[in-house]
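A short write-up of the structure that comes next.
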Amino acid sequence: MQPAHPFEQGIGMEFYCTDGPSIGGRLRDRFEDFVVEEITPDGTVLEAKEWPSETAVGSTVSIQGVRSKYVQFVLQKMGLSTLDAATIVAAAVKVSRHLVTYAGLKDKRALTVQAMSLPAQAFESLCRIHLSRIAVREPQYVRRPIQIGDLWGNRFTIVLKDLKVDCDIASTLADSLRGRPILNYFGVQRFGVARPFTHLIGKSLVKKNYEEAVRLMLSTTRDFEWQGPAEEELQTFEGVPFSEDSSDRITKGARYEQAVAQHIIKHPADYERALARVPPRVLTILVHSYQSYLFNRLLSLRAKSGLSISEPAPGDFIIQLDQTHSGRDSWLFVNDRNLEERRGLVRSGSYGLAAPVPGYSTKLPPSKQSDLLRKILKDENLDLKEFRNMNARPLDSPGGLHLVSIVPTDMHTQCTDSAIVLRFNLRKGSYATVILRELMKTNPMDLA
């Protein structure tokens with residue numbers, strides 16, 4: 001395996017699985033160059049369609065089925081995150097944001113299609129308003145709302161321009177990924193696109209070092225100096241008086257950081273209450289970012305140690321595939337007695353090899369993988385019990401299991417005059433950019 005880009009190594013992604021040359025390339029010239037179409041549990045692809053000429057939702061849809069408590073619909077968006085779209089829809093129909101539900105998060109810098117649901121009575125309001133960069137279609141009454149995990153995965157159609165190699169060579173390299181297990185890293189987007197060090201903030205939150213969490217949130221760290229942070233940013237909170245002027249300069253355009261900074265200006269050293277100005281879901285994302293970093297490190301050590309990334313060994317876990325509601329994964333433990341049976345379940349495609357995303361409920365049975373995780377925890381000066389925070393539920397994280405490797409399916413390539421078009425499917429919980437990095441082998445910020 002080739003060593004990865006130095007920045008990727010800093011977030012635990014130490015290797016490429018492929019040994020081919022870099023094809024280079026440029027992503028996301030237009031939103032339409034990165035298309036994500038959700039695949040439902042029954043295998044249906046929610047396909048992207050032409051945008052309606054009239055943006056009024058009601059002019060393009062009519063509801064189907066027998067009236068029930070909820071309405072499920074297909075939402076197509078462009079240049080918006082799933083959270084942005086859900087917030088816009090909730091505001092438009094005047095319901096609480098949590099009543100607009102979805103199966104999974106989709107990219108912001110893309111054209112994406114996914115299923116959503118909301119209370120049936122709210123849909124009538126949705127049909128009377130106009131939405132920018134959002135189209136709604138195919139509404140139907142359903143008995144229960146969509147929940148996180150109610151999908152098989154996603155189909156990606158991606159245009160890569162300005163290749164370093166001939167398109168035919170790029171196509172051959174892409175075709176070689178068919179059926180090949182790839183390390184299922186959490187991609188760079190998990191750690192923040194503009195300033196990718198959310199895992200460091202997450203670690204401070206887990207360690208209950210709220211002062212350090214605020215310092216990191218409001219400054220740029222030296223670890224990421226390659227981005228060229230301004231000197232005044234590096235000095236913030238390091239003996240330099242913290243003023244409203246410096247707050248405005250550092251946190252321009254970042255509303256959560258701005259709220260934290262304003263609280264510190266009014267209440268110096270009140271770090272824990274300052275963090276309460278950050279929405280709970282954002283705090284949870286920061287903790288998950290640190291857990292993702294630990295998982296990435298575990299995957300890299302597993303691969304480096306020579307353990308299989310697709311076949312279980314004694315002491316490993318396997319999880320059932322293609323199940324909805326990902327928070328309740330069905331898992332099995334592998335030991336010497338059931339090894340062949342468990343390997344048979346993996347080969348059949350009903351289960352996949354998984355590794356811990358560390359949290360307070362993580363189990364460490366005797367195994368090489370557990371030894372590797374213990375080494376990481378020692379390096380991090382971390383105890384799994386520290387993920388338990390009874391006083392702040394957004395920071396309380398039990399951890400879970402995540403697939404060790406992914407296999408892109410239905411891989412197709414097409415060459416154009418100046419680009420290659422890639423189309424492939426991935427199960428939920430996987431990043432398309434983790435596949436692209438195996439081909440591009442470039443600065444990871446080019447993938448974000």
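I'd like the full set of residues that are over 22 Å from the mean Cα position of the chain (by Cα) and crowded, with 18+ Cβ neighbours inside 10 Å, limited to the stretch 172-186. Write out each step before concluding.
Applying the first criterion (over 22 Å from the mean Cα position of the chain (by Cα)) to the stretch 172-186 yields 172-176, 178-179.
Passing the criteria: Leu173, Ala174.
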Members of the stretch 114-164 that are within 12 Å of Ala92 (Cβ to Cβ), surrounded by fewer than 18 Cβ atoms within 10 Å (Cβ to Cβ) and in contact with a strand residue (DSSP E or B) (Cβ under 7 Å, 6 or more places away or on another chain) = His130
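Do the conditions hold for Arg281, that is, is it more than 24 Å from the chain's Cα centre (by Cα), of a type outside the set (Gly, Ala, Ser) and either outside any loop (DSSP other than H, G, I, E, B) or outside the structural domain of Leu205 (by TED's automatic domain parsing) (or both)?
Values: more than 24 Å from the chain's Cα centre (by Cα): no; of a type outside the set (Gly, Ala, Ser): yes; either outside any loop (DSSP other than H, G, I, E, B) or outside the structural domain of Leu205 (by TED's automatic domain parsing) (or both): yes.
When the stated conditions are applied, Arg281 does not pass them.
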Please go through the stretch 181-230 and pick out each residue that is in a loop (DSSP other than H, G, I, E, B), at pLDDT below 95 and within 18 Å of Ile285 (Cα to Cα).
-> Phe186, Gly187, Gly192, Val193, Ala194, Arg195, Pro196, Phe197, Leu218
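Results for (1) buried (at least 16 other Cβ atoms within 10 Å of the Cβ); (2) in contact (Cβ under 8 Å) with a residue 24 or more places away in the chain; (3) not polar (S, T, N, Q), shown as yes or no for each residue.
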position	(1), (2), (3)
Asp336	no, no, yes
Glu340	no, no, yes
Leu345	yes, yes, yes
Gln369	yes, yes, no
Lys375	no, yes, yes
Asp379	no, no, yes
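For the stretch 360-448, which fully contained strands (runs of 3 or more DSSP E) count at least 2 residues that are in contact with a Phe, Trp or Tyr (Cβ under 9 Å, 6 or more places away or on another chain) and farther than 16 Å from Tyr293 by Cα? Don't jump to the end; show me each part of the working.
Numbers: elements: 400-403, 409-415, 419-427.
Of the strands (runs of 3 or more DSSP E) lying wholly inside the stretch 360-448, those with at least 2 residues that are in contact with a Phe, Trp or Tyr (Cβ under 9 Å, 6 or more places away or on another chain) and farther than 16 Å from Tyr293 by Cα span 409-415, 419-427.
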Which residue, of Val89, Val61, Val57, is modelled with pLDDT of 90 or more, of a type in the set (A, V, I, L, M) and crowded, with 16+ Cβ neighbours inside 10 Å?
-> Val89
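The values are calculated or read from the model by the stated rules, or taken from the named source; none is laboratory data. It should be emphasised that the depicted structure is a prediction, and the values quoted were computed from it without experimental measurement. Using ideal geometry, Cβ is built from the backbone for each residue, glycine included, and neighbour counts are taken over all protein chains shown.
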